[in-house]
Each structure stands twice: as C-alpha cells, then as structure tokens.
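Working notes, beginning with the structure itself.
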2 protein chains.
Amino acid sequence: MSTPPTRRKPRTDAERNRDRVLEAARALFAEHGYDVQMSEVARVAGVGVGTLYRKFPTREALIEAVAAHRSAEMVAFARERCLAEGDPSQALARFLGHVGEVLAGDRGMSEVIEQAMGSTEPQGEPRAKLHAVVGELIDAARAGGTVRADVTAADVNMIVCGLAAVIRHTAGDWRRFTEIALNGLRS
Amino acid sequence: MSTPPTRRKPRTDAERNRDRVLEAARALFAEHGYDVQMSEVARVAGVGVGTLYRKFPTREALIEAVAAHRSAEMVAFARERCLAEGDPSQALARFLGHVGEVLAGDRGMSEVIEQAMGSTEPQGEPRAKLHAVVGELIDAARAGGTVRADVTAADVNMIVCGLAAVIRHTAGDWRRFTEIALNGLRS
DNA sequence: TGGAATGCGGAATCCTGATTCCGTAATTGA
DNA sequence: TCAATTACGGAATCAGGATTCCGCATTCCA
C-alpha cells in the first residue's frame, strides 16, 4: 500500500556495491576506530564517494549500520554460547571473555560499547537487546552462586564499559581486568 | 647567560589575562570536556582569540596546561592525604575515592585520565608522577593486606582507566564500581 | 536491440574551527 | 609626560573533511 505498482528490480551492481562498502567500513573501523574518512572508506571499497552516500546518507548512518551488525552478533553469542549451552554459572564469565575478544580486535566497536553500556538512553534495538541479555546472564550467575545476590545489571554494564576503555587505551592484559571484576562480584 | 641584560618587566595586564584564560579553560573543560572552541574560551575569559594564542600557542598547549595542573593536584592529594596520614592499608581506597570525586566534577579530566592511565608512553612529568604514586599506594595496601600480593601497578591503572570511562559515560553510581574493583583485588 | 530508468564517479562546494595578521591601545621607564 | 615596547582584539585566512551535484555509464525490460 506504499510503493507504486510497477517497479523495476534494483540493479544487481547496486547491492553488490552496498556490500562492498559495508565490508570496507567494517575492516577500517575495526582497525582504526571511527576516525576514518568517508573518502577512504569509498576508496577501499573500490567505489566513488557518491555511491557510498547513496547507500548511507551520512557518516553517522554508516557507523550505525556497522555497529548494529556487530551488536547483534554479540547478543547472538550470549544467547547461543553462554545461556543455551555449558555451565550456566559460568555464563557471565564466558560472555565477558567474548566481549573482550571482540573489542580487542575491533577498535570501533570498543568505542561504541564504551558509550552504549552507559546511560539507558535510546540507542536502537541492537543495543537494547544487549542490555536485556546482560540481565539474563546475571540471573544465571546469581542462581549459580557465582556472584552476590545484590549484583545488578548496572554493575555489569559499568564493568563492560570499563573493559572497553581498558582495551582501547591500555597495552596491558584485559583478561586480568575481567578477572578482577568478576572476583569483585563474588560474595 | 641566556636573556640579554636589560629587559623590561612584563606588563601586568599580560599575566592577569593569562590567569583569566586558564581559569576560563578550566571551567569550560570541566563542564564540557575538551570539546570546546578556542573562541569560546576567549569569550568567557573576556579576551580576544589573539591574546589567548599569545599565551598558549595551540589548543593542545592550553589543554596540556590545564591537565598538568589538575594532575599535580591529584598527586599532591595522594601523598598528603593518602600516604602521609591515616590508615595506610586504606590509602588506595581513599585515593580511588578522591579520583572519582575529581573526575565526576571534571569531564575534561576524565578524558585525560582515561587515556593517561593506559600505555606507559611519555606524557609529561605530571602523568609520570601519577604512575609513580600509584605504585606507592599499592605497596601500602599490600603491606596492610588490603590487596593480594600479586596486584600490580598495571592492574590499578586499568581500574582507574575504567573508572574514568564509567564516570564519563554512565549515569550510574561510580562508587559502586570502585567497591567492586577493590573487592576484586582482595585475596 | 533501444531507450528509459537507475547508478556511478569524483570534482566542486560547504562547514566548522583552529590559527595568523596587523592596525590599535595600554604600560613602562626615563 | 613622551617615545619605545609590549599586548590586545577580532576579522581574515587556512585546513580538513563531510556532503552535494551532475554529466556519463550500466542495467533492465519490452
């Protein structure tokens, strides 16, 4: 009830280019963070800036697209690898380990997560789901006695936020940070 | 052996203006972080941009001047209020509490500290002293049995880095974060 | 195959903010 | 008080990057 009746099928090269842009952006953002120029993304994608802007109308939109994808992956991991299988009392620990792994290999994502885990302000569905999953992970950990009864989602969000910062700025061993944090949540 | 013999005394309004600029910068950086325009600093200081630039040749120099001052204050607090007086085993805890207090009221500083506590790269004397003091605080805490024997300066630096991020991005209660961290360092 | 329709490339344009320049104004020392 | 010296204000200039525009190339469908 919205699109006019007869409409051509979108040109095949158009979607191919969209994929190329996304892939280039993913790689560049992962390596350098979001401090990358649009023209550079276009160049790596083998595309003109005009094309890039037709796919993603603003720099912001491109970043959001990439971040949303990664966030969804993290949520999926939490559900499938942490909550669904294995020892539930270790679910939270496995999650933190995975988050660290991902952020250590994706500078851009560490920037997003650092901010996203902060205030509960609206930031799109993917980030909201991330918050929700954290809640489930805590429940599991609490049930298993791995953390104190008074641990809240806010606590874990702070830890994830801190973890992101540590990974981004520190040369040191982030696993050590997660160990300390988890130990601190124990009764 | 450096300055030519006869030289006038610097104009009094010149130093007054320098102070005004520093004060304006401190206030603005504390409230908004370093995302403030030079012209805004000048306006608040009641001075022209030209004057501002004569005192601090680049934006970077101005930021550095403000940050160095604050860093020195933190080091002084650590020595005088944490190491010199009170229960030594609580020195680290008191220090973290103070850092949180300062960062919570100074957005710019939280940005600096988040980065500064990361790599041990050269960042000027003030930051170097901060690292040194952290070492002393750990020794005191270790001696008092407040933290495990294997806790290192790198551990605490990560925690401070994380704390800065938490304060900057989170609406939540950063004291809770320090409690968890300190608890995590206990044996 | 032919001519719409849809995309493409990338130079040109716009914007935001840092930094420079220079004609004036204020301060100093004799 | 007066010339010399030092500083000031703020418009003009520069620079880095995001975003727009439009003539040309491709792809689609009858």
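A short reminder: the numbers here are calculations on the coordinates, not readings from a lab. Every value quoted in this text rests on a predicted model; they were computed, and no experiment measured them. Note that each Cβ is placed from the backbone with ideal geometry, even for glycine, and that neighbours are counted across all protein chains shown.
Tabulated data for the structure shown
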read-out: Using a Förster distance of 35 Å, the FRET efficiency for A:Ala149-B:Arg81 (Cβ separation, nearest 0.05); value: 0.50
read-out: Whole-angstrom Cα spans of the protein assembly as shown along principal axes, big to small; value: 87, 54, 36
read-out: Shortest-first nm distances, A:Val49 label point to equivalent points in other copies (7 Å, Cα→Cβ); value: 2.3
read-out: Simple label model, 7 Å out from Cα along Cβ direction - A:Ala132 to B:Glu73, nm; value: 4.4 nm
read-out: Angle in degrees between helix A:107-116 and the longest Cα principal axis of chain A, rounded to the nearest 10; value: 60 degrees
read-out: Packing-based order for A:97-105, A:141-149, using average beta carbon neighbours within 10 Å, highest first; value: A:97-105, A:141-149
read-out: Given charges at beta-carbon only (K, R positive; D, E negative), |dipole| of the protein assembly as shown in Debye; value: 1180 debye
read-out: Shortest-first distances to equivalent copies, position A:Gly105, nm, label 7 Å out along Cβ; value: 4.5
read-out: Within 10 Å of each Cβ in B:144-156, the average number of Cβ atoms from other chains; value: 2
read-out: Column: log10 I(q)/I(0), Debye, Cα scatterers of region A:66-187, q = 0.16, 0.21 Å⁻¹; value: -0.70, -1.25
read-out: Neighbour-count ranking [beta-carbon atoms within 10 angstrom, fewest first] of B:Lys9, A:Lys55; value: B:Lys9, A:Lys55
read-out: Choice from A:Asp139, A:Asp106, A:Asp19 with maximal GNM fluctuation in chain A (Cα, 10 Å cutoff); value: A:Asp19
read-out: Folded to 0 to 90 degrees: helix B:153-169 orientation relative to chain B principal axis, Cα; value: 60 degrees
read-out: Nearest 10 degrees, 0 to 90: helix B:12-32 Cα axis against chain B principal axis; value: 40 degrees
read-out: Compactness of region B:1-137 - radius of gyration and Dmax, Cα, Å; value: 17.7, 56
read-out: Semi-axes of the equivalent ellipsoid for region A:29-98, Cα gyration tensor, largest first, Å; value: 35, 12, 9
read-out: Cβ neighbours within 10 Å from other chains - mean over A:172-178; value: 4
read-out: Alpha-carbon centroids, region B:58-116 and region A:72-97: separation in whole Å; value: 37 Å
read-out: Lys, Arg +1 and Asp, Glu -1 on Cβ, resulting dipole of region A:1-155 about Cα centre, debye, nearest 20; value: 960 debye
